[in-house]
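Notes follow once the structure below has been shown.
The values are calculated or read from the model by the stated rules, or taken from the named source; none is laboratory data. Here the structure is a predicted model, which is why all the values come from computation and not from measurement. Reconstructed Cβ throughout: ideal geometry from the backbone, glycine too, with neighbour counts over all protein chains shown. Just so you know, the surface numbers come from the protein's heavy atoms only, side chains and all, with ligands and any DNA or RNA stripped out. Shrake-Rupley method; radii C 1.70, N 1.55, O 1.52, S 1.80 Å.
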Amino acid sequence: MGAGLVLFMIGLKDDIIGLGPGIKFVAQFVSACIVSMIANIRIVDLHGIFGIYDMPYYPSVILTVFFIVGIVNAFNLIDGIDGLAGSIGLILCVVFGVLFYKSGDLGWAYLATSLAGALLGFLFFNITPARIFMGDSGSLLLGFVSAVLSIKFMSVSLTENVIAGPFRITSGLGLVSAILIIPVFDTLRVFTLRIMRGTSPFTADSNHIHHRLLFLGLSHVQAALVLASVNVVFIVVALSLQNIGDAQLVSLVLLLMLSLNGILSLFINRFKRKEAMFSTNIVASSSLKPEKSFADKVLDKISEN
């Protein structure tokens, strides 16, 4: 509650009067330190990824702080169109609510479920034409709670037998990667492209996944539904492949997302070529029109007046 309050108040101040990125990063760092060092909610095991299992205290704290700050910023960045951040957050909270309930961690289940209810009520007024907006106070807090729920579930999946319907959770880290894939992949992608272009990774642009879907002609609602549906598909795939191991499942999730991004890029390139051809045809047709005579120009001028 203390860590979340820090982020909420900083986000609220940013929404009202505006704040520089430095102050927001300090607030995110402080909140992450509160969670990892005081609340002792940490990433303590990498489930065999890179051959790492149990982690010493200080590397665990550093990784946890990096993870929380990254997820907070990821949710802040995907809050670019109506309904997207709320939809992704709703899916995440519902899934974690069910998983924590099945594991017997009712307090965490209540937290996830209550946030899901809040997001559901919010989405009724955030769908285009939106009447209210999440703002930084909402997106920062949503990202923070999502990060904490993810860290806690990764720990729970190591120590408790979690069975959700026909699925027995044995690859908790792989499932978390599928749940967070949309905001995490989008953030990593835009940051990488900005750095490759020699610009600051925090420079705003229109190259996010949701912007690319809007470029293809989708509305805000359609783009949000497409990304939410993709998120659900990834979660179902991760639940169905729990027996392959965390490292393999994380790799598969990333490979599938890279493939979908490649397909989207092909569609965008084809769309751009069609637009270019259409513009060229318009220019060519306009240049072929015979020039009006002086008498016609005079008559047109008279009709206009």
Quick one: what are the phi-derived ³J(HN,Hα) couplings along region 47-62, Karplus 6.51/-1.76/1.60 with θ = phi - 60°, whole Hz, x for glycine and proline? 6, x, 5, 6, x, 9, 10, 5, 10, x, 4, 5, x, 5, 5, 4
Sequence-separation-based contact order of the chain, relative, with Cα cut under 8 Å and 6+ spacing, percent: 20 percent
Report Ile52's accessible area, 1.4 Å probe, all protein chains in place, as a number in Å² to the nearest 10. 70 Å²
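Rounded to the nearest percent, how much of the accessible area of region 41-136 (1.4 Å probe, protein heavy atoms only) is carbon and sulfur?
Using a 1.4 Å probe with all protein chains present, region 41-136 comes out at 72 percent carbon and sulfur.
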If you find the alpha carbon centre of region 215-279 and of region 107-181, how far apart are they in angstrom? 20 Å
Among 160-170, 12-22, how do they line up from the highest to the lowest mean number of other beta-carbon atoms within 10 Å? 160-170, 12-22
Could you grab the relative contact order for region 1-147? Cα pairs under 8 Å, six or more apart, rounded to a whole percent. 32 percent
Per residue, how much accessible surface does region 1-135 expose to a 1.4 Å probe? Answer in Å², no decimals. 50 Å²
Just add up the charged neighbours of Ala224: K/R +1, D/E -1, any other residue whose Cβ is under 12 Å from the Cβ of Ala224. -2
Accessible solvent surface per residue of region 211-278, calculated while the other protein chains remain in place, 1.4 angstrom probe, Å²: 58 Å²
Which whole-number value in Å³ per residue fits the convex hull of the alpha carbons of region 37-137? 125 Å³
With all protein chains present, region 169-288 has a carbon and sulfur share of its accessible area (1.4 Å probe) in percent of 71 percent
Could you work out the helix-only [θ] at 222 nm for the chain, with each DSSP H run of four or more residues adding -39,500 (n - 2.57) and the total divided by the number of residues, to the nearest 500 deg cm²/dmol? -25000 deg cm²/dmol
Taking H as built 1.01 Å from N, whose amide H comes closer than 5 Å to the amide H of Ala164, not counting residues under 5 places away? Ile169
Tell me, what is the per residue accessible area of region 167-209 in Å², probe radius 1.4 Å? 43 Å²
Take Ile62, Ile235 and sort them by solvent-accessible surface of the protein heavy atoms, 1.4 Å probe, largest at the top. Ile62, Ile235
At a threshold of 8 angstrom on Cα-Cα distance, excluding pairs fewer than six apart, so keeping six or more, what relative contact order does region 133-271 reach in percent? 31 percent
Equivalent ellipsoid, the chain (semi-axes from 5 times Cα gyration tensor eigenvalues, Å): 45, 23, 19
Residue-wise HN-Hα coupling along region 85-95, computed from phi with Karplus coefficients 6.51, -1.76, 1.60 (Hz; x: Gly, Pro): 4, x, 5, 5, x, 5, 4, 4, 5, 5, 4
